[in-house]
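Notes follow the structure.
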């Protein structure tokens, strides 16, 4: 919940605007005194937007400050709505909130955190979206300063995880560095450095471990918890890296298991005995099979859960036993991430915030060279960029999937929306279950062109590509005839090139058999780019020679009209 506080008429108007724009997210506090409203928001809200001066806001909140990971994020907006200043909790929501305010109020975000201004991933939130926790946060300032200063920083353990990039001075080769970053689920006793436990390395705990548990009915939480702690300790594994406890579904109500997990802050996952019985384990038991239908509970549930959360798993602590409980631990290999990102039609302000965040999050970016050039300023230092030319779409798709399969965080970029005549479909043909895939929508060329022309897509419409590179012309022609007979507005992609100059006239001729001559035809070249052109004509007068591969052509239905120089397809079939 975002608490909003205002003291002036201008601030109250802006607060109402936010409440309308973000329904359910905003609580406007109306206490008589703004200071009281601020204190109430601090106590009850996750974030605060204060339409008060920074100084006034800080004086009220200063006595309430605790820790940045627990305090609400605070953004102050000035009286003229010119600036949104991230005051507290920049990496814990304030920077993002300041950016979001831009879209509603038109404010300019003011970000003072050094890593953001250097376009470098913040260490206090590094891997947070993967479930990482920081073992020794007292080293954040020391290691962060080394990263930002360009000093050598040793990076160890990051290869298996789809993490955001860090600058080139952070590497696995910086052996003589005075600062380091270590990602490990191993306990301190197994990670002794030359200058003490972990030395000068900032340690992240990844959620890489699954604890499998089996038990007799009525087992105590003390027995289960003690066995878990002992098993982890003997294997040299850190409890902070436990993702969950896993067991057979017959134990879903076993209070001893549930309480032991709850006491340690872990969730419990359960699986049917038929599923667990198919898991190969080193220590099966026919006695256990007779009782619960699977020869293994602890080892099998640990391995199965780890494979469910990751792309592979290994048993790192075999079955340990007490009188009434068993325990085993599996380590997962995480899935890589592939974000398929639509960059929109070209204008930077039509690149979505989600797409921008995906580009900054990716450690590998794959794309057509001219599209990479559009967003090169957003690429963080340390990102690998794999760019290639026209005609290599399949190679780019395959490369992106291969990089994600190695555990990387990959962004495969394309113009418009990646799912419309772009890179999503070829990439997904190669992608398996070993990677996570995130589709990031983009504004299509058709939508951009439609808005420039008026409202040609106001009713049912069809998209048809006239390129016969992958589709025989006979198939394309059949689709054009179907759209013509169905009276759809038609949007043509890839309408005409130097080598293909006859398909567009042929398609227009088919449509003319089912449309009146005055049917509007619009074509837009380089929509939303600096050299864009938009032309509105008719089916009788359109000149295909004015069209090329950078153009989108829209042909109206029989009900479409040109009104005041705008192309309109009515939502219904009656004019009011």
Review point. Any residue in region 67-78 that is assigned to a helix (DSSP H, G or I), surrounded by fewer than 22 Cβ atoms within 10 Å (Cβ to Cβ) and on the phi < 0 side of the Ramachandran plot?
Key: no
Review point. Based on what the data block shows, is residue 284 touching a helix residue (DSSP H, G or I) at 6+ places or on another chain (Cβ under 7 Å), free of Cβ contacts under 8 Å to residues at least 24 places away in the same chain and not in a helix (DSSP H, G or I)?
Key: no
Practice item. Tally the residues that are under 16 Å from residue 97 (Cα atoms) and not in a loop (DSSP other than H, G, I, E, B), restricting the search to region 1-19. Key: 9
Practice item. Tell me which of these residue 344 doesn't satisfy, since it passes every other one: (1) on the phi < 0 side of the Ramachandran plot; (2) surrounded by 18 or more Cβ atoms within 10 Å (Cβ to Cβ). Key: (1)
Exercise for review: Give region 515-528 a look and list any residue that's in a loop (DSSP other than H, G, I, E, B) and under 15 Å from residue 461 (Cβ atoms), or say none.
Suggested key: 515, 519
Review point. Tell me, which residue of region 149-183 that is crowded, with 16+ Cβ neighbours inside 10 Å and over 25 Å from the mean Cα position of the chain (by Cα) is nearest to residue 339 (Cα to Cα)?
Key: 169
Check your understanding: Consider residue 418 against the criteria (1) free of Cβ contacts under 8 Å to residues at least 60 places away in the same chain; (2) touching a strand residue (DSSP E or B) at 6+ places or on another chain (Cβ under 8 Å); (3) assigned by TED's automatic domain parsing to the domain that holds residue 393: it satisfies all of them except one. Which criterion is unmet?
Key -> (1)
Review point. What number of residues in region 340-386 are within 26 Å of residue 128 (Cα to Cα) and in a loop (DSSP other than H, G, I, E, B)?
Key: 11
Point to revise | Filtered residue count, region 79-95, keeping only those that are surrounded by 18 or more Cβ atoms within 10 Å (Cβ to Cβ) and either in a loop (DSSP other than H, G, I, E, B) or under 23 Å from the mean Cα position of the chain (by Cα) (or both) | key: 9
Study note, to complete from the structure: Looking across region 20-34 at residues that are surrounded by fewer than 17 Cβ atoms within 10 Å (Cβ to Cβ) and over 33 Å from the mean Cα position of the chain (by Cα), the single one that is nearest to residue 103 (Cα to Cα) is 30
Point to revise | Some residue of region 386-407 being within 23 Å of residue 166 (Cα to Cα), touching a helix residue (DSSP H, G or I) at 6+ places or on another chain (Cβ under 7 Å), in contact (Cβ under 8 Å) with a residue 60 or more places away in the chain and surrounded by 17 or more Cβ atoms within 10 Å (Cβ to Cβ) | key: yes
Review point. So which of 307, 289 ends up being at pLDDT below 95, in a helix (DSSP H, G or I) and out of contact with any helix residue (DSSP H, G or I) (no Cβ under 8 Å at 6 or more places or on another chain)?
Key: 289
Study note, to complete from the structure: Those residues of region 485-506 that are outside any loop (DSSP other than H, G, I, E, B) and either outside the structural domain of residue 549 (by TED's automatic domain parsing) or closer than 9 Å to residue 553 by Cβ (or both) come to a total of 5
Review point. Could we say that residue 55 is in a helix (DSSP H, G or I), more than 23 Å from residue 360 (Cα to Cα) and modelled with pLDDT under 90 here?
Key: yes
Exercise for review: Identify, by number, the condition in (1) within 19 Å of the chain's Cα centre (by Cα); (2) modelled with pLDDT of 95 or more that residue 398 doesn't meet.
Suggested key: (1)
Review point. How many residues are in contact with a helix residue (DSSP H, G or I) (Cβ under 9 Å, 6 or more places away or on another chain) and in a helix (DSSP H, G or I) when one looks only at region 529-554?
Key: 1
Check your understanding: Just wondering, is there one or more residues in region 257-272 that are on the phi > 0 side of the Ramachandran plot, in a loop (DSSP other than H, G, I, E, B) and not assigned by TED's automatic domain parsing to the domain that holds residue 136?
Key -> yes
Practice item. Can you give me the number of residues within region 24-60 that are out of contact with any helix residue (DSSP H, G or I) (no Cβ under 6 Å at 6 or more places or on another chain), touching a residue at least 24 places away in the same chain (Cβ under 8 Å) and more than 15 Å from residue 12 (Cα to Cα)? Key: 10
Check your understanding: Would you call residue 36 closer than 24 Å to residue 141 by Cβ, outside any strand (DSSP E or B) and not assigned by TED's automatic domain parsing to the domain that holds residue 351?
Key -> no
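The values are calculated or read from the model by the stated rules, or taken from the named source; none is laboratory data. Predicted, not measured: the structure shown is a model, and the values here were computed from it. Don't worry about glycine lacking a Cβ; one is built from the backbone with ideal geometry, like all the others, and counts go over all protein chains shown.
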